[in-house]
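The values are calculated or read from the model by the stated rules, or taken from the named source; none is laboratory data. Here the structure is a predicted model, which is why all the values come from computation and not from measurement. Cβ placement follows ideal geometry from the backbone for every residue including glycine, while neighbour counts extend to all protein chains displayed. With ligands, DNA and RNA removed, areas are computed over all heavy atoms of the protein, side chains included. Shrake-Rupley method; radii C 1.70, N 1.55, O 1.52, S 1.80 Å.
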Amino acid sequence: MAIKKLLAVALIFAIVSFNLSAKSKKKSKNKKGKESAPEAILPASEGEGASAEDFGLEENSSDENKAEENLSEENKNAAPDSDNNNPRYTISAIEAPEPGLNYYVTKDENQNIKFIQKLSWNKISDIKHYHITIERQGEEGWTEVLQKDLHDNRIEVSLEAGQYRFQVGIVNLFDQLEKSSDWKFFEVLKALQPKIEGYQTDSMYLNSKKATGIFNLKGENLTAGTLFTMEQRESDPPKVITGTVLSVSPDGQSADVKFNIEEIGPGKYEIYAQNPGGLSVISKTIHIKQKKDRHWRFFASALYSCPATFFDGTFNRYEPISFYPVTFGGRMSVISFKSSVGHFGLGMGGYYTYFRYNNDRYSMSGNYVNLLGYLVYQKYLIPQKLCLDFHLGAGAAYMYEVHSQSKNVITLGALYYTFDNPKLMALGLAFGGGLGIQYHLGKHFYLEGNIDFIDAKFSDMNLGMFYPSLGFGGMF
């Protein structure tokens, strides 16, 4: 009887244990089926997402397909087959963040520059840890440089320049590697310290016609990938103008960089250059000015001429010469109006001539001066270098101390006489104009060549003369 009671108790205990075990398994299965699928396990910067370009930084996309095929074979042994089809382990790409957040520069105890690359990825819950593998490509293929278990979803490493790939895996609570991301390929570039030793520019004065915003920078390790900015730190807020690299010399010692001239204002600037990798340099202070653009300019020149008589109603009767080598002149102009077709202004100019004639019978001498006011038109054939000058106007002509005297007795039929005329003077109107060429030697001086014609009208004489001249002048 006792034996029957013991058998009955054992049977009841077995039934209860079986039911409890079944309930426990069902509970565990339901819990596992309700978990949501995680986000991608590709790398991200600061926990938001990153691309290979953000690591240093150039993606080697040509090897991706091959790597995915290799990874497909590796993942077959990474976890049980039943887990590979579970949505929990689906891995897909994520958005890339802004570049430049994936590394920083520091110094070691010896003050040597050290680059720290930052890798991060989306956080996955309910796992034991992550497992990251980093490999470097060499002559014999890929070589492992790091393999590490991590509880945080980020890692900081310091890698030398080269081609790399990395992979992040999930280790579950049962200490099994359940799934790994695809290999991600990136390049760590060699960091070069840039230098800016000097510059040339046409934009020191903003309102100069030549100002284009282009700076020719001289230095070392200047590349097409260098980030150039023009910064005005004294402004509030600080002004930063990003430049565009137009060209770089093969040796990296010269670069043409253009900044938007519309964004540049007067003040003190520095040009900041940052190479890929974070090394940077700042140029010496550049003073950008607003050129004072005067509304007028003053021109003055001294001339030498050897005029020739073109026509004369009276003068040649007593002095039959055509050239007067003792002649000097001058011109002044004020240019006050500028336009796209040329420059306009007012001016004045004139010539002084001393004439003398001798023969065996008589002599004649005197002084001739003319002074005219002009309307002036200027047109630069070569900017700031070669200028065409046209002038036209009217004024006065003046002859004074004109004296004639006989040397011997002059016979005229039965009459014998001598003469010594008193010194005469005459005043008349003058009309004229001319064309000139100015060749500028620098900012303030120029050489000038002119050909002028002046017609002087006296009461009993009309004198027309050409004045070819050469001179030297200044512009202020």
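Tallying residues that are among the polar types (S, T, N, Q) and open to solvent by less than 30 Å² (accessible area, probe 1.4 Å) within region 133-176 yields 4.
Does LYS218 satisfy the criteria of being within 27 Å of LYS289 (Cβ to Cβ), open to solvent by 60 Å² or more (accessible area, probe 1.4 Å), assigned to a strand (DSSP E or B) and touching a Phe, Trp or Tyr at 6+ places or on another chain (Cβ under 7 Å)? Full working, then the answer.
On the way: within 27 Å of LYS289 (Cβ to Cβ): yes; open to solvent by 60 Å² or more (accessible area, probe 1.4 Å): yes; assigned to a strand (DSSP E or B): yes; touching a Phe, Trp or Tyr at 6+ places or on another chain (Cβ under 7 Å): yes.
The answer is yes for LYS218.
Name the single residue that is farthest from PHE215 (Cα to Cα) among those in region 225-258 being part of a loop (DSSP other than H, G, I, E, B) and open to solvent by less than 80 Å² (accessible area, probe 1.4 Å). Across region 225-258, the extreme among qualifying residues is SER235.
Scanning region 152-195 for residues that are of a type in the set (A, V, I, L, M) and part of a loop (DSSP other than H, G, I, E, B) gives LEU159, ALA161, LEU173, LEU189, ALA191, LEU192.
Against the conditions (1) more than 18 Å from the chain's Cα centre (by Cα); (2) open to solvent by 70 Å² or more (accessible area, probe 1.4 Å); (3) charged (D, E, K, R), LYS179 satisfies every one except (2).
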